[in-house]
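Working notes for the structure below.
The values are calculated or read from the model by the stated rules, or taken from the named source; none is laboratory data. A quick note: this is a predicted structure, and the numbers were derived from the prediction, not measured. Note that we place each Cβ from the backbone using ideal geometry, even for glycine, and neighbour counts take in every protein chain shown.
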Amino acid sequence: MNHRERLIAFTIVFTAAACERAALPTAAVDRAGPLFASVSVGHFKSFHAPTDNSDPLQITLGSDGNMWFTESNIAVSQIGRIDPSGKITEFGGVTGSPDRITLGPDGNLWFTEPFPFDSRIGRITPAGVITEFQLADRAQPRDIVAGPDGNLWFTEYGAGQLAQITPAGVVTEVESVKGGPWGIGRGLDGTIRITQAERNRPGRFTLAPKGGPLRN
C-alpha cells in the first residue's frame, strides 16, 4: 500500500442558537448550555514517496495542475510531482538540498538550495527539466516567491540580502537586510514581505513604479 487515509472529525461546541442556524438537533440540549457534536470535515490520505527517507519539505501548485514538492534529504535531492490521482514522479539532478518551492510567472517551478552551502536557485519545467543558477558563496537562499514585477524574489540568509532572479536567470542582490532574512511572501498591495529571524521582526520592501528606482 502506498497511501494511508482516514476520516477527519472534530468535536465542536455549539450554542443552542448556533444549532438552530446549522440545522442541528437541540431537543436533548439545555437551551442555555452548549451542545457537543462530532462533525466530519473531510478525508485525509497520505502517499508514500517512491524514494525512502526523501524528506518532503514544501509543496506548491504548478501551472500544469499538479502539485510539486521538494525532497530535501541531501542524499536524495530531488523534486517531486504528484498528480490529482496520487501518482508521484521524482526528478533528480538537483545539486544541493532543495528547500522552498514556488510557481514562477513563467509557468516553471523555482526552488532554493541553501545546503550544503552550495547556494543555488533551481528551476524545473513542467516537463521535469532542471536548471540551476549559482549564487554568491554562502548566500544560503532560504525562501522564494513570485513578485508583482514578473521576477522571483528570495531571501539570502547567509549573505543578509533580499535578492531577485529574472526568469532568464539573472540574479541581483537588491537590498541589504540585517537580522537573518528568512521567510518571504507577496502582499496584496504588491509589496515583498520578509521575516528577519534574528531580529524578531517582519520587513517590507516596496517596488518603485516601473522604470523608477527600487525603494523599500
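Quick notes
- The residue that is surrounded by the fewest Cβ atoms within 10 Å (Cβ to Cβ), counting only those in region 66-82 that are under 16 Å from the mean Cα position of the chain (by Cα) and over 12 Å from ILE124 (Cα atoms), is MET67.
- Checking each residue in region 83-123 for being hydrophobic (A, V, I, L, M, F, W, C), over 15 Å from the mean Cα position of the chain (by Cα), at pLDDT 95 or above and assigned to a strand (DSSP E or B) picks out ILE88, PHE91.
- Of all residue pairs spaced 6 or more apart or on separate chains, none has beta-carbon atoms under 8 Å together with a first member in region 169-192 that is outside the structural domain of ARG123 (by TED's automatic domain parsing) and of a type in the set (A, V, I, L, M, F, W, C) and a second member that is crowded, with 16+ Cβ neighbours inside 10 Å and in a loop (DSSP other than H, G, I, E, B).
- Reported count of residues in region 106-120, each being crowded, with 24+ Cβ neighbours inside 10 Å and either outside the structural domain of ASN73 (by TED's automatic domain parsing) or farther than 22 Å from ILE82 by Cα (or both), is 1.
- With respect to the stated conditions, ARG138 fails to be modelled with pLDDT under 95 and not assigned by TED's automatic domain parsing to the domain that holds ILE101.
- One residue stands out among those in region 124-165 that are free of Cβ contacts under 8 Å to residues at least 24 places away in the same chain and under 19 Å from the mean Cα position of the chain (by Cα): the one that is surrounded by the most Cβ atoms within 10 Å (Cβ to Cβ), which is GLN164.
- Positions within region 47-64 being within 18 Å of the chain's Cα centre (by Cα) and over 16 Å from TRP110 (Cα atoms), in sequence order: SER54, ASP55
- Every listed requirement among (1) more than 15 Å from GLN58 (Cα to Cα); (2) in contact with a strand residue (DSSP E or B) (Cβ under 8 Å, 6 or more places away or on another chain); (3) surrounded by fewer than 22 Cβ atoms within 10 Å (Cβ to Cβ); (4) not small (Gly, Ala, Ser) is met by LEU103 save one, (1).
- Test: residue in region 56-74 that is more than 29 Å from ASP149 (Cβ to Cβ), part of a loop (DSSP other than H, G, I, E, B) and assigned by TED's automatic domain parsing to the domain that holds ASP137: yes
- Selection from region 108-120 of residues that are touching a residue at least 40 places away in the same chain (Cβ under 8 Å) and closer than 14 Å to THR131 by Cα: ASN108, LEU109, TRP110, PHE111, THR112
- Scope region 200-216; condition modelled with pLDDT under 95, surrounded by 12 or more Cβ atoms within 10 Å (Cβ to Cβ) and not polar (S, T, N, Q); matching residues: LEU207, LEU214
- Region 167-188, residues that are in a loop (DSSP other than H, G, I, E, B) and surrounded by fewer than 15 Cβ atoms within 10 Å (Cβ to Cβ): ALA168, GLY169, VAL170, LYS178, GLY187, LEU188
- Check on THR191, buried (at least 16 other Cβ atoms within 10 Å of the Cβ), β-branched (Val, Ile, Thr) and modelled with pLDDT of 95 or more: yes
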